[in-house]
Amino acid sequence: MEDYVVRSAIEGTQVIGFFARSTGLVEKAQAIHQTFPVATCALGRALTLVGIMGVSQKKVRRISLQIHCRGPLKEILVQSNQKGEVRGYVSQPMVILPPRKEGKINVEDGVGKGSQLLVMKDLGLKEPYLGSVEVQRGGIAYDLAYYFNRSEQLPSACSAGVYVAEGGEVLSAGGFIIHTPFGTPEEVITTLEQNLSRVGEVSKRLFQGETPEDLAEEVFASLPARVTGRESLQYHCYCSSDRARRALILLGKEELTKLLEEQGQGEVTCPFCNQKYLFDRRQLQEMIVSAQDKSRRFKS
Ligand code: ZN
């Protein structure tokens, strides 16, 4: 089944919603990073939400969502673009935590209250747009809604979920983001709130066969909503040998020389897809020259 995002707008208002199924995307992330359930859920929720953000913001070339966790997951970084290409990693994929009271996977303690959530948008300008908030709960969707409200002054509701089987495999994943800008009629907000309170867990609904269109219909029930677009989502990494080479050059002349002397080769592993890039002695020597040139340029 294809992963995609449905865009739906409420006529006569500025309210817009994005509803996603991301099962394949999260399955792939789980397979790449060999995540245990806490990390599968945390990374899956973040990937789903950043995927929606990527296709929903037309002026943004690339968007990154980063969480510096106070909890044991340490760091989550997810990125996406307008084409719905999403990639990400969690620095501690094998965290094990007891479930929460209701038996749910404990993403909240994995991330931890008081963590920092950062959003970076590449708008094709000299400087990227940066926004950040302190994590309030740790479940990620609520915290992203808090970010939209606080940092972008854009009242929003977010939801994201990953349904994980007992053996750790991903059964379904999905989520939504709804923006309700200031000035939205009070009766629209009230209806939306009532609808949202009935929706429950998105991932279970998708597992039972519902589609993103069904979710949009339920969340926007009794409102004049109209589907205005559909974009696909997929896990896709855009690393390359050239990017890996540039990352190595950033180590600087001294580190590169040490690498050449001690190992005779350089290796870079992409943190998003685990692709390995190997550079031999001659290539390392070339890099040392480039690194040298760079330091000369800075001096002059
Ligand atoms: Zn990669």
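The values are calculated or read from the model by the stated rules, or taken from the named source; none is laboratory data. Quantities reported herein were computed from a predicted structural model and do not represent experimental measurements. Here the Cβ is made from the backbone with ideal geometry for all residues, glycine too, and neighbour counts use every protein chain on show. Note: areas computed on protein heavy atoms with side chains; ligands, DNA, RNA excluded. Shrake-Rupley method; radii C 1.70, N 1.55, O 1.52, S 1.80 Å.
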- Item | Globularity index of the range 81-232, i.e. its alpha-carbon radius of gyration over 2.2 N^0.38 Å | 1.15
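Provide the per residue accessible area, probe 1.4 Å, for the chain, rounded to a whole number of square angstrom.
On the way: 15150 Å² over 300 residues.
Per-residue value: 50 Å².
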- Once amide H atoms are built 1.01 Å from N in the peptide plane, which residues 5 or more positions from residue 230, or in another chain, come under 5 Å H to H? 7
- Message: Using helices alone, I'd like the mean residue ellipticity at 222 nm for the chain: each DSSP H run of four-plus residues gives -39500 (n - 2.57), total over residue count, nearest 500.
- Response: -11500 deg cm²/dmol
- Note on the structure: Partner aspartates and glutamates whose C-alpha sits under 17 Å from that of residue 258, ignoring same-chain residues fewer than 8 away, are 267, 280, 286
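If we sort 214-224, 258-268 on the protection proxy, mean other Cβ atoms within 10 Å, highest first, what's the order?
Details: 214-224: 17.4, 258-268: 14.0.
Peptide ranking by packing, descending: 214-224, 258-268.
What is the range 154-213's relative contact order, in percent, from Cα pairs under 8 angstrom and six or more apart in sequence?
Numbers: 68 pairs, mean separation 22.9, N = 60.
Once normalised by length, the contact order is 38 percent.
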- For the chain, modelled as a GNM with alpha-carbon contacts under 10 angstrom, which of 238, 163, 142 fluctuates the most? 238
- Looking at 288, 278, 268, which one has the Cα that reaches farthest to the positive end of the dipole of the range 241-299 (charges on Cβ: Lys, Arg +1; Asp, Glu -1)? 288
- For the chain, just give the cysteines left without a disulfide-compatible partner, judged by no other Cys Cβ under 4.7 Å. 41, 69, 158
- Could you tell me how many degrees, from 0 to 90 and to the nearest 10, lie between the Cα long axis of helix 23-33 and the main elongation axis, the longest principal axis, of the Cα atoms of the chain? 30 degrees
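Find the percent of Cα-Cα distances in the chain that exceed 27 Å, and round it to a whole number. Working shown, then result.
Numbers: 20654 of 44850 pairs.
More than 27 Å apart: 46 percent of the Cα pairs in the chain.
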- Task: Note the count of lysine pairs whose C-alpha atoms are less than 16 angstrom apart in the range 4-235, limited to pairs 8 or more residues apart or on different chains.
- Result: 8
- Note on the structure: With the charge dipole of the chain built from beta-carbon charges (+1 for Lys and Arg, -1 for Asp and Glu) about the Cα centre, the Cα from 232, 81, 160 projecting farthest to the positive end belongs to 81
- Dividing the mean separation of Cα pairs under 8 Å (6+ apart) by the residue count of the chain yields a relative contact order in percent of 22 percent
- Evaluated at 10 °C with a viscosity of 1.306 mPa s, what Stokes-Einstein diffusion coefficient in µm²/s does the range 241-299 have when Rh comes from the Kirkwood expression over alpha-carbon pairs? 137 µm²/s
- Message: About the Cα centre, and with charges only on the beta carbon of Lys, Arg (+1) and Asp, Glu (-1), how big is the dipole of the chain? Nearest 20 debye, please.
- Response: 1140 debye
- When the Karplus curve 6.51 cos²θ - 1.76 cosθ + 1.60 is applied with θ = phi - 60°, which whole-Hz ³J(HN,Hα) does each residue of the range 174-183 get, with x for Gly and Pro? x, x, 8, 10, 10, 9, 10, x, 4, x
- Item | For the range 55-69, Karplus couplings with θ = phi - 60° (6.51, -1.76, 1.60), whole Hz, Gly/Pro x | 7, 8, 10, 5, 8, 9, 6, 8, 10, 10, 10, 10, 10, 8, 7
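What does the extension gain come out to for residue 267 and residue 193, with contour length at 0.36 nm per residue minus their alpha carbon separation? Each step should come with its number before you reach the end.
Numbers: separation 74, 0.36 × 74 = 26.64 nm, distance 5.16 nm.
That pair, residue 267 and residue 193, stretches by 21.5 nm at full extension.
Which GluC sites (Glu not before Pro) in the range 1-46 sit in a loop by DSSP (not H, G, I, E or B) and have at most 15 other Cβ atoms within 10 Å of their own Cβ?
Numbers: sites: 2, 11, 27; in loops: 2, 11.
For GluC sites (Glu not before Pro) across the range 1-46 that sit outside H, G, I, E and B with at most 15 neighbouring Cβ atoms in 10 Å, the list reads 2, 11.
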